[in-house]
Amino acid sequence: MDTQETLKQLLTGIKNGSLDVEQGMQQLRDFPFMDMGHTKIDLHRSLRNGFPEVIYGEGKTPEQVGEIFTRMREHANVLATRVSPEMARHVQSVCPDAEYNALGRTLTLTRGEIAWKEGEIAIVTAGTSDLPVAEEARVTCGMLGSRASVISDVGVAGIHRLLDRLSVIRKARVIIVVAGMEGALASVIGGLVSQPIVGVPTSVGYGASLSGLSALLGMLTSCASGVTVVNIDNGFGAACAACKINNLFPA
């Protein structure tokens, strides 16, 4: 039986009362996906975990991402991460409404209204070089319905810069801290605020930073309580975690 027929039987069952709405929702959570040959788009991911599927651009061809965009836009707002300028140009040639953020390497297409949650997420960077990861996080938060702002270049090398913005940072419900080098900023902020902190180690730094490994280990071994850590340069993952925390607050 194909997906269309299965869905027809499901809806008919709900209509005639042989299935209640909750039973129908349980069945819908596990299907369908759109098989494009090179890609299987999970159309009902948002029913299962609250967020729609996101395109990871790196490793895909511009043509593949362009085709995915044209198919996904029929069903939901679309977000792609790690998008090169070449890939963005191709996608925009087939989806002119797609918006490219060159700094964050994100590509977005907004078809439906975004349901904004209350509260705001603060994204704090140690240095200007951490901005690409922070911008990926900011765009992702926006597409997932949480307002986010970036406070940049307030690292521990000039701690007075952080203290100057501390009152603003403390107003956020969740704080994403983006830092390379030794990753100390997450621990410093963790000792100054009560909000949950999501640390993002970045690959910014000289040789012994080991492409972000030193920052990752520094954040993982933080003496500040309440600091959780995602993978190196993973602004997207940090944004997803922060949005899920923000969504727990009552409207």
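The values are calculated or read from the model by the stated rules, or taken from the named source; none is laboratory data. All values derive from a computational prediction rather than experimental measurement. Glycine also receives a Cβ, built like all others from the backbone with ideal geometry; neighbour counts cover every protein chain displayed. The area values use the complete protein model at the heavy-atom level, side chains included, leaving out ligands, DNA and RNA. Shrake-Rupley method; radii C 1.70, N 1.55, O 1.52, S 1.80 Å.
Between segment 131-204 and segment 77-111, how far is it from one alpha carbon centroid to the other, in angstrom?
Centre-to-centre distance over Cα atoms comes out at 25 Å.
Out of the trypsin sites (Lys or Arg not before Pro) in segment 92-129, which ones are loop residues according to DSSP with at most 16 other C-beta atoms within 10 Å?
Qualifying residues, ordered by number: ARG111.
Per 0.36 nm of contour for each residue apart, how much would the distance between LEU11 and THR61 grow if the chain were fully extended, relative to their Cα-Cα spacing?
14.3 nm
Where does each of 177-190, 220-233, 70-83 land if you order them by average Cβ count within 10 Å, highest first?
177-190, 70-83, 220-233
Count neighbours as other Cβ atoms within 10 Å of each site's Cβ, and list the trypsin sites (Lys or Arg not before Pro) in segment 122-194 that are DSSP loop with at most 12 such neighbours.
LYS171
What range in the chain is the longest one free of chymotrypsin sites (Phe, Trp or Tyr not before Pro) that are in a loop by DSSP and have at most 15 other Cβ atoms within 10 angstrom?
That would be 1-115.
For LYS60, which lysines qualify as cross-link partners when the Cα separation must be under 19 Å and same-chain residues fewer than eight apart are set aside?
LYS40
Determine the share of the chain's accessible area contributed by carbon and sulfur atoms, expressed in whole percent, with a 1.4 angstrom probe.
53
Name the most mobile residue of GLN26, GLN195, GLN92, meaning the one with the largest mean-square fluctuation, in a Gaussian network model of the chain with Cα contacts below 10 Å.
In the Gaussian network model the winner is GLN26.
Given the convex hull over the Cα atoms of the chain, what projected area results after averaging over all orientations, in nm²?
Over every viewing direction, the Cα hull of the chain projects on average to 15.7 nm².
So how strong a dipole does the chain carry about its Cα centre when Lys and Arg Cβ are +1 and Asp and Glu Cβ are -1, to the nearest 20 debye?
520
Among PRO96, ILE68, LEU217, whose Cα projects farthest towards the positive end of the dipole of the chain, with charges put on the beta-carbon of Lys, Arg (+1) and Asp, Glu (-1)?
LEU217
Residue farthest toward the positive end of the dipole of segment 60-206, with Cβ of Lys/Arg at +1 and Asp/Glu at -1: which of GLY145, THR125, VAL168?
The residue sitting farthest along the positive end of the dipole is VAL168.
Quick check for me: using +1 on Lys/Arg Cβ and -1 on Asp/Glu Cβ, what's the dipole size of segment 114-220 about its Cα centre, in debye to the nearest 20?
320
Give me the 1.4 Å probe accessible area per residue for the chain, excluding ligands and nucleic acids, in Å².
51
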